[in-house]
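Heads up, the thing below is written out as C-alpha cells.
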Amino acid sequence: MPLHTGPKQPDKRPATVNPFYGQANPVGGMTEAPPQHRLPDGPLPPSTAYQLVHDELMLDGNSRLNLATFVTTWMEPQARVLMDECSDKNMIDKDEYPRTAELERRCVAMLADLWNAPDPSAAVGCSTTGSSEACMLAGMALKRRWAKRNADRYPGARPNLVMGVNVQVCWDKFCNFWEVEPRLVPMEGDRFHLDPQAAAELCDENTIGVVGILGSTFDGSYEPIAELCAALDELQSRTGLDIPVHVDGASGAMVAPFLDEDLVWDFRLPRVSSINTSGHKYGLVYPGVGWALWRSDAELPEELVFRVNYLGGDMPTFALNFSRPGAQVVAQYYTFLRLGREGYRAVQQTTRDVAMGLAERVEALGDFRLLTRGDQLPVFAFTTVPDITSYDVFDVSRRMRERGWLLPAYTFPENRQDLSVLRVVCRNGFSSDLAELFVEDLGSLLPELRQQQHPLARDKGAATGFHH
C-alpha cells in the first residue's frame, strides 16, 4: 500500500452538506460539513456519515470496468451475505472460531489436491491476505532453508533469489525487506518473461531459489515451469547445486488446473517446493485472501511456525499479519463448494473465450498489434502498429478513461523499455456484452486520435499506472 502524509495546510473547506442529510428538521443544525483532516468535535447521525462517505466514493472508478486489476469485482449475493456474517470474526482466533479454522484447513487440502501434491495429506499451507504475503512467506522459507544448509558460511555470504524482471513488485519488496540479492533475467526481443537457461546460469551456491510465474502480469503469459525445472536438474547434475523452485501462481494457479490440465507446472515436478495463489483473483473471491502451500513440512522450517492453543490442542500458524477477518476464507470455501471443478472450468473457460474474442476484435481494428491473445491467462497486451505516429498507447488509455474504462498503459522493463503497451484483464463478470461495448468505444475514438499531430501524453510516467 502507498504511504500517506497529512495535509500541507489547515482544513479550511467552506463546504456544506445537504440539510436533508441531517435531522428530521432540514434546518436542524447540520449545515456545515465536518473537517476532513481532524476528528470532528462531535458525532454525526449515521445516515449523514454514510451519505458523506458514499457521495465522495462515487468519484472512484467503476470496478467492473477496471481492466487493469486482476482482483475479483463480482460475487454472488449469497457470498456477500456469508462475508457480512463473518466480517466480525478474527481469523487468528482459532479456538474462538473453530469452524472458520476448519474451513481454512479444508481449502488448503483442496488446493493441495488440485495442485497434485504427492501426498495431499502431507502438504502444509495457510491462508494469507493475498499473494504478496504468500510470496513473502514462501521467500522466508526458501531463505531459512538455504541458511541452515549453509550455516558454515552464513551470515557472511549474501543470499540471492533468481527471477524474471517481470515479477510482481512483492518480490522486489521481499528482497529489500529480507536482505536478499535479486538476480533478474531480463526480457529479450519478443520473450517477455524468464528464460530457463538464463535463470540457471544466474544460480550459484548462494541462490535460495528460483521464482517461476504462472501468468505474468505484464502480458498474461505462462512462464515455462517444467523447462525451468529441467534446466535446474541439469545444473545439479553438473555442479551439485540443488536449487528449489517456487511457483508464483497468483493468477494462473487457479486457471491452469481447469483449462490446461496437460500443462505440468505444479507439485508433479519434484523441484517445485512451494506454490502461492490469490484467492481474490481467479479464485473468484473479493479481496483479500491468498494461499501459500508447501509440498510437505520438510519445505517449511519448523522454527518459522508459531503454535497456539487450539481447543486444548496444538494449532500451528505461519503469517506476517495477525488480526484479519475470516470473511474471505469463508467466501473461498463457499466458492469451492459452489462451483467444484466443473463449475470453475466453465467460469474460467468463459472468461478465456471473452479474452480471446476481444483480442481478435482489437486486432481487427487495424491500429494495434497483439503481444498475447488471452489463450493462457484471460489477459492480453497490445500496442500500436509501427505506422501509427499520431497517437500512442497513453493517449488511448486517457481517452478510454473518459468513457469510464480503466485501461492501463505502461512501458516494459529493462531491455524492452522501448515497448509501451495496453493490457486488458478479463475477469468473471466481464461479459461478452461488456467486451462489445469496449470495442465500440475503442473504435469510435480512433478517427479522432488519427487526426492528432503527435502523441499528447507528455509525462508518460504519470499518464497512467501499471496495476498488478
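What does a probe at Asp433 reach in segment 68-86, counting residues whose amide N is under 19 Å from the point 7 Å along Cα→Cβ? Counting only backbone N, you get 73-77. Rolling a 1.4 Å probe over the protein heavy atoms of segment 207-294, with every protein chain left in place, gives an accessible area that is 53 percent carbon and sulfur. Note down the Stokes-Einstein diffusion coefficient of segment 199-343 in µm²/s, whole number, using a Kirkwood radius over alpha carbon pairs, 20 °C, and 1.002 mPa s. It diffuses with D of about 125 µm²/s by this estimate. Take every pair of alpha-carbon atoms less than 8 Å apart whose residues are at least six positions apart; their mean separation over the length of segment 145-207 yields a relative contact order of 39 percent. Element breakdown for segment 97-171 at a 1.4 angstrom probe: carbon and sulfur atoms account for 52% of the accessible area.
Counting Lys and Arg as +1 and Asp and Glu as -1 over every other residue whose Cβ lies under 14 Å from the Cβ of Thr72, the net charge comes to +4. Could you derive backbone 3J(HN,Hα) for segment 87-104 from the dihedral phi with the Karplus parameters 6.51, -1.76 and 1.60 (θ = phi - 60°), listing whole Hz in sequence and x where the residue is Gly or Pro? Values, residue by residue: 5, 9, 8, 7, 4, 6, 7, 5, 6, 6, 10, x, 6, 5, 4, 5, 5, 4 Hz.
Do the sum for the chain: with -39,500 (n - 2.57) for every DSSP H run of n ≥ 4, divided by all residues, what is the mean residue ellipticity at 222 nm, to the nearest 500 deg cm²/dmol? Could the numbers behind the result be given before it?
On the way: 12 runs with 163 residues, N = 468.
Counting only the DSSP helices, I get -11000 deg cm²/dmol.
Summarising the amide proton neighbourhood of Asn206: residues at separation of 5 or more, or on other chains, whose placed amide H is nearer than 5 Å comprise an empty set.
Projected label points at Glu414 and Thr239, each 7 Å from Cα along the beta carbon direction, are separated by 1.8 nanometres.
Rg and Dmax of segment 312-446, based on Cα coordinates, read 19.6, 71 Å.
Distances between placed amide hydrogens fall under 5 Å for Arg369 paired with Thr383, Thr384, Val385, all partners being 5 or more residues away or on another chain. Shape descriptor for the chain: Rg over Rh equals 1.00 (Cα atoms; Rh from the Kirkwood inverse mean 1/r). Structural descriptor for the chain: relative contact order 19 percent, calculated from alpha carbon pairs under 8 angstrom and at least 6 residues apart.
Checking every one of the trypsin sites (Lys or Arg not before Pro) in segment 177-273 against DSSP loop status and a limit of 15 other Cβ atoms within 10 Å picks out Arg268.
Past 30 Å, Cα to Cα: identify those pairs from Lys8/Lys143; Lys8/Lys89; Lys8/Lys281; Lys94/Lys281, in the order given.
Working: Lys8/Lys143 42 Å; Lys8/Lys89 38 Å; Lys8/Lys281 37 Å; Lys94/Lys281 25 Å.
Beyond 30 Å between Cα atoms: Lys8/Lys143; Lys8/Lys89; Lys8/Lys281.
Beta bridges per DSSP, both residues in segment 370-432: antiparallel share near 100 percent.
Considering only Val245, Leu269, Ala256, and ranking their Cα positions along the charge dipole of segment 231-276 that arises from unit charges at the beta-carbon of Lys, Arg, Asp and Glu, the one farthest toward the positive end is Val245.
Return the loop-located GluC sites (Glu not before Pro) in segment 66-107 (DSSP other than H, G, I, E, B) with at most 15 other Cβ atoms within 10 Å of their own Cβ; answer none if there are none. Passing both the DSSP loop test and the Cβ count: Glu96.
Stretch Met58-Leu44 to full length: gain in nm at 0.36 nm per residue minus the Cα-Cα span?
Working: separation 14, 0.36 × 14 = 5.04 nm, distance 2.05 nm.
Gain on stretching Met58 to Leu44: 3.0 nm.
For the chain, the solvent-accessible area works out to 48 Å² per residue, with a probe of 1.4 Å and every protein chain left in place.
Taking GluC sites (Glu not before Pro) across segment 346-448, the ones in a DSSP loop with at most 12 further Cβ atoms lying within 10 angstrom of their Cβ are Glu414. The packing ranking of peptides 252-258, 111-117, highest mean first, is 252-258, 111-117, where packing means the average number of other beta carbon atoms within 10 angstrom of each residue. Between segment 359-431 and segment 328-354, the alpha-carbon centres lie 27 Å apart.
The values are calculated or read from the model by the stated rules, or taken from the named source; none is laboratory data. Just so it is clear, the structure is predicted and the values come from calculations on it, not from any experiment. Glycine also receives a Cβ, built like all others from the backbone with ideal geometry; neighbour counts cover every protein chain displayed. Only protein heavy atoms, including side chains, enter the accessible area calculation; ligands, DNA and RNA are left aside. Shrake-Rupley method; radii C 1.70, N 1.55, O 1.52, S 1.80 Å.
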